[in-house]
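Data first, discussion second: the structure below is written as structure tokens.
The values are calculated or read from the model by the stated rules, or taken from the named source; none is laboratory data. From a predicted model like this one, the values you see are computed outputs, not experimental measurements. Neighbour counts run over all protein chains shown; Cβ positions are idealised from the backbone, glycine included.
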Amino acid sequence: MMAPEEARDEPSRRTIYRARVLDTPDDPFAGGALRSGDDVGIVVADDGTITARGDFTAVRADHAGEAVVDLRDGVLIPGLVDTHVHYPQVRAIGALGMPLLEWLEKCALPEECKLAAPDYARAVAAEFCSGLVAAGTTTALVFGSHFAAAVDALFTEAARLGLRVTSGLVVSDRELPGDLLTTPQRAYDEAVDLAERWHGTGRSRYAVTPRFSLSASEPILDACSAVLDATPGALFTSHVNENTAEVEYVGTLFPDASDYVDTYHRHGLLKARSVLAHNVHPTDPELDVLAGRRTAVAHCPSSNSALGSGLFPLARHLGAGVPVALGSDVGAGTGFSIFKEGLQAYFMQRLLDTSGHPLSPTHLLWLATRAGALALGLDDQVGDLSVGKQFDAVCVRPPGGTALNVGLRHCDSDEEALGKIFALGGDADVADVWIGGWQLVSGGFVRAPLSWT
Ligand SMILES: [Zn+2]
């Protein structure tokens, strides 16, 4: 604690955020409860670290000289974590009415080809990053581009804003338009070059990213494994078991693999901090392998609904011990909002009736924050608002006259307030966003700093 004498002589070096705070440090699927307080003080140091937390009156008494930011007209939650989102597809959001393979061919892949042009890629990178933060997403595992210069543009923009982005070069050597294909050697060389530049630089990390087994031969998956070996601490991400036609086709392409999960596992690509998107149609042996490898699944319910991919078997994942978090899967997903993904996840489990897992608002907040941080190996830094964590936070402050504004003023419990945020909340309700103590969104507007450092 800073002595009052020092506080009078020096500029304030800490800030106290006063707010109604909701977060989930303990797993509600294992009995953890929502942590909440109506008048909490969170003390944040200049480096973005939370140094104290408690009842505001007590915190204020211990930090008499510090500035106070009063957020009691909103609800403060941890920054949201998106574990699966495609940077080149921000302009492709909203193309409805197609199943996966048709949507890829007609919508997503033609747009992704355009990122070959560096100027186009830089513009999309700016749109993508601002879309994330405007939705309250502060940490993301981002599916990159097939073009190295475009991936570099993403990392550059994310670093400018201070976003916690893990991403990488997307690689494929078959089944896609020719402009998106590469060779195993080129895939390795370009990935290692990008990883050397960005992995561990500021808040950026590298993710080895074959698009999916359907478009990745055994040699290019071997190249991916070699990049992982050459890049300690790198993540791995791809797609799995999204659509029944896709699963069937992958089976014909890998006659020696026991199943879709095995197409990655046999190349040594599954480990803790590997994240596979979707897994709507897993077999029990596949779930056992994922659990054994501590590989997480990014559940993307809006995308699964929009493409008609299927109802996610959450109960089977939980039963097998597979970690699950949420992803928006933009642009098959219908927007950046992780609130919407939480609500759609809730809907899906309801529609599964007796085979669904009932989800409470506390479950949804966990899936939207700390579960994502755990999946990405960032749980020691973000995911909740405990002492020692970085102040990555979102203040939800809905405009007057909206149903969410009315609801938050008239609810009886914190759990009920959280339910209203997931049911009614969207980008327009994300009023303020901080990453590492740096305020990036203020009053609903994304700031454009020259650099966060
Ligand atoms: Zn995807």
Just checking: which of the helices (runs of 4 or more DSSP H) contained wholly in region 298-417 hold 3 or more residues that are more than 16 Å from the ligand (Cβ to nearest atom) and in contact (Cβ under 8 Å) with a residue 60 or more places away in the chain?
338-351, 361-368, 370-375
Looking only at region 271-305, and only at residues there that are of a type in the set (A, V, I, L, M) and within 19 Å of the chain's Cα centre (by Cα), the one that is farthest from Ala95 (Cα to Cα)
Ala272
Qualifying residues in region 241-261 (those that are out of contact with any Pro (no Cβ under 8 Å at 6 or more places or on another chain) and outside any helix (DSSP H, G or I)) - the one nearest to the ligand (Cβ to nearest atom)
Glu242
Exception for Arg186 within (1) touching a residue at least 12 places away in the same chain (Cβ under 8 Å); (2) under 26 Å from Arg266 (Cα atoms); (3) of a type in the set (Lys, Arg) falls at (1)
Residues in region 117-174 that are within 15 Å of the ligand (Cβ to nearest atom) and of a type in the set (S, T, N, Q): how many?
4
Among residues belonging to region 193-228 that are in a helix (DSSP H, G or I) and either in contact with a Gly (Cβ under 8 Å, 6 or more places away or on another chain) or modelled with pLDDT under 95 (or both), point out the one that is surrounded by the fewest Cβ atoms within 10 Å (Cβ to Cβ).
Ser225
Go through (1) part of a loop (DSSP other than H, G, I, E, B); (2) in contact (Cβ under 8 Å) with a residue 24 or more places away in the chain one by one and return the number of the condition Asp26 breaks.
(2)
Filter region 229-264 for residues that are of a type in the set (S, T, N, Q) and crowded, with 21+ Cβ neighbours inside 10 Å; which is farthest from Glu175 (Cα to Cα)?
Thr231
Does region 86-120 hold any residues that are part of a helix (DSSP H, G or I) and among the aliphatic types (A, V, I, L, M), and which are they?
Val90, Ala92, Leu100, Leu101, Leu104, Ala108, Leu109, Leu115, Ala116
Suppose we filter region 352-392 for residues that are among the small types (Gly, Ala, Ser), within 22 Å of His281 (Cα to Cα) and out of contact with any strand residue (DSSP E or B) (no Cβ under 7 Å at 6 or more places or on another chain); how many remain?
2
Can you work out which of the residues in region 122-177 that are touching a strand residue (DSSP E or B) at 6+ places or on another chain (Cβ under 8 Å) and polar (S, T, N, Q) is modelled with the lowest pLDDT?
Ser130
Residue count, region 215-240 (criterion: out of contact with any Phe, Trp or Tyr (no Cβ under 6 Å at 6 or more places or on another chain) and within 16 Å of the ligand (Cβ to nearest atom)):
5
Residue check, Leu318 surrounded by fewer than 24 Cβ atoms within 10 Å (Cβ to Cβ) and modelled with pLDDT of 95 or more:
yes
For the structure I just gave you, tell me whether Asp73 is buried (at least 24 other Cβ atoms within 10 Å of the Cβ) and charged (D, E, K, R).
no
Test Asp179 against the criterion of being away from the ligand (no atom under 16 Å from the Cβ), more than 26 Å from Cys300 (Cα to Cα) and either among the hydrophobic types (A, V, I, L, M, F, W, C) or surrounded by fewer than 24 Cβ atoms within 10 Å (Cβ to Cβ) (or both), and give yes or no.
yes
In this structure, does Phe391 turn out to be out of contact with any helix residue (DSSP H, G or I) (no Cβ under 9 Å at 6 or more places or on another chain), buried (at least 19 other Cβ atoms within 10 Å of the Cβ) and among the aromatic types (Phe, Trp, Tyr)?
yes
Sole exception among (1) within 16 Å of the ligand (Cβ to nearest atom); (2) assigned to a helix (DSSP H, G or I) for Thr57, by number
(1)
Qualifying residue in region 109-125 (condition: in contact (Cβ under 8 Å) with a residue 12 or more places away in the chain, closer than 26 Å to Val394 by Cβ and of a type outside the set (D, E, K, R))
yes
Find the residue count for region 68-91, including only residues that are more than 18 Å from Gln390 (Cα to Cα) and touching a Ser or Thr at 6+ places or on another chain (Cβ under 6 Å).
2
